[in-house]
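Each remark here refers to the structure printed beneath this line.
The values are calculated or read from the model by the stated rules, or taken from the named source; none is laboratory data. For clarity, every value in this text was computed on a predicted model and none was experimentally measured. Heads up, the Cβs are rebuilt from the backbone with ideal geometry, glycines too, and the neighbour counts pull from every protein chain shown. Quick note on the areas: whole protein, heavy atoms, side chains included, nothing else; ligands and nucleic acids left out. Shrake-Rupley method; radii C 1.70, N 1.55, O 1.52, S 1.80 Å.
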Amino acid sequence: MRPLDLSKLRPFYMVAREGSMTKAAAKLNVSQPSLSVLIGDLEYNLKTQLFERLPAGVRLTAQGERLYAFAEKMLEQTDNFEKNFHEKEEEAEGEIKIITTPFVGAEWLVPHLTDFLKKHPKINIRILLRSENINLQEGDIAILTPVPQQPHLIQQHLFTVQVRLFASLSYIKKYGTPQTPQDLDNHHLITYKGNHYSPYGSINWVLNLGNTDRNLPRKSYFEIDSLHGMLRSAIQGLGIVELPNYSIILDSGLIEVLPAVKGPETPIYFIFPKTRKSSKKINLLLEYLSKRGK
């Protein structure tokens with residue numbers, strides 16, 4: 001077996017992450033045939049098959065999974081070294097790429113960044129909004145729910161949101177106010193994408209709230225895979241919605257329904273690699289956002 005050619009790790013990693021030679025080639029800005037040849041050479045040199053070729057893409061073999069875990073660590077260390085190497089220690093300047101969910105990014109992070117950017121005009125912010133398939137290596141930091149079993153990451157708690165129920169005044173005037181969780185059986189419920197995991201951590205808690213038969217959850221009246229969409233739907237009077245208690249929601253004019261009933265809590269963290277712990281600009285941003293709350 002020949003020594004591992006480290007230059008082939010990034011193309012291999014990209015194919016594995018995308019699950020497709022064609023998609024990976026587009027991301028790497030190379031031709032699909034040349035990428036296929038590169039992966040074939042890597043497999044030949046390692047004397048093992050790394051991918052199973054499928055009709056609609058590729059899938060890692062057991063040996064491919066081992067190499068993927070190694071490649072992920074190597075590329076993360078390389079990327080972080082490059083960022084640290086080019087970062088000026090004497091002053092806070094340069095770019096910070098932040099990965100977060102669409103709602104947190106647009107409604108919490110952007111409003112809070114105004115004063116920070118005024119204080120640090122040499123820092124440039126790039127926000128990458130992701131609702132699924134989140135790759136932490138895309139950014140310098142992430143503002144998300146905690147990532148389990150990642151000892152190489154520093155994860156600093158920023159705030160905790162709690163899911164509550166809301167409805168518009170027009171809806172309440174038309175359909176009345178539920179007095180108990182069981183009364184929700186007779187109301188229109190707005191939910192996030194059926195029973196899928198939502199960006200704020202709840203799994204449509206309202207569908208089972210007060211329901212004695214968990215095998216028969218309530219039916220959603222209106223569903224949409226966007227917290228913005230859920231908020232707008234409730235404001236339009238389409239039904240009762242479960243939403244995290246961000247200030248923009250509390251100030252939206254919606255009325256809290258069943259206020260004595262509190263939903264699941266979701267912690268939001270400031271996450272970045274331990275290799276960047278000496279970065280002045282990242283620490284400045286962490287210190288600033290830690291004082292903002294929700």
What residue, of Thr78, Thr100, is surrounded by 13 or more Cβ atoms within 10 Å (Cβ to Cβ) and at pLDDT 90 or above? Thr100
Could you go through the stretch 174-193 and let me know if any residue there is of a type outside the set (Lys, Arg) and at pLDDT below 90. yes
Criterion (of a type outside the set (A, V, I, L, M) and either closer than 16 Å to Leu286 by Cα or touching a helix residue (DSSP H, G or I) at 6+ places or on another chain (Cβ under 6 Å) (or both)) met by exactly one of Gln149, Gln155, Gln179: Gln155
Glu242 passes all but one of the listed conditions (1) modelled with pLDDT of 90 or more; (2) on the phi > 0 side of the Ramachandran plot; (3) not polar (S, T, N, Q); the exception is number (2)
Which of the residues spanning the stretch 253-294 are surrounded by 16 or more Cβ atoms within 10 Å (Cβ to Cβ), more than 18 Å from Ile143 (Cα to Cα) and under 24 Å from the mean Cα position of the chain (by Cα)? Gly263
Got a number for residues in the stretch 28-72 being in a helix (DSSP H, G or I), more than 13 Å from Lys8 (Cβ to Cβ) and either hydrophobic (A, V, I, L, M, F, W, C) or out of contact with any helix residue (DSSP H, G or I) (no Cβ under 7 Å at 6 or more places or on another chain) (or both)? 6
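Residue-by-condition table, conditions (1) assigned to a strand (DSSP E or B); (2) modelled with pLDDT under 90; (3) surrounded by fewer than 17 Cβ atoms within 10 Å (Cβ to Cβ):
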| residue | (1), (2), (3) |
| --- | --- |
| His112 | no, no, yes |
| Asp115 | no, no, yes |
| Lys118 | no, no, yes |
| Pro121 | no, no, yes |
| Leu128 | yes, no, yes |
| Ser131 | no, yes, yes |
| Thr160 | yes, no, yes |
Given (1) in contact with a Lys or Arg (Cβ under 8 Å, 6 or more places away or on another chain); (2) open to solvent by 10 Å² or more (accessible area, probe 1.4 Å); (3) assigned to a helix (DSSP H, G or I), index of the condition Gly237 fails: (3)
Of all residues making up the stretch 162-183, the number that are of a type in the set (A, V, I, L, M) and loosely packed, with under 15 Cβ neighbours inside 10 Å: 1
Please work out if Leu28 is touching a Pro at 6+ places or on another chain (Cβ under 9 Å) and either at pLDDT 90 or above or open to solvent by less than 90 Å² (accessible area, probe 1.4 Å) (or both). yes
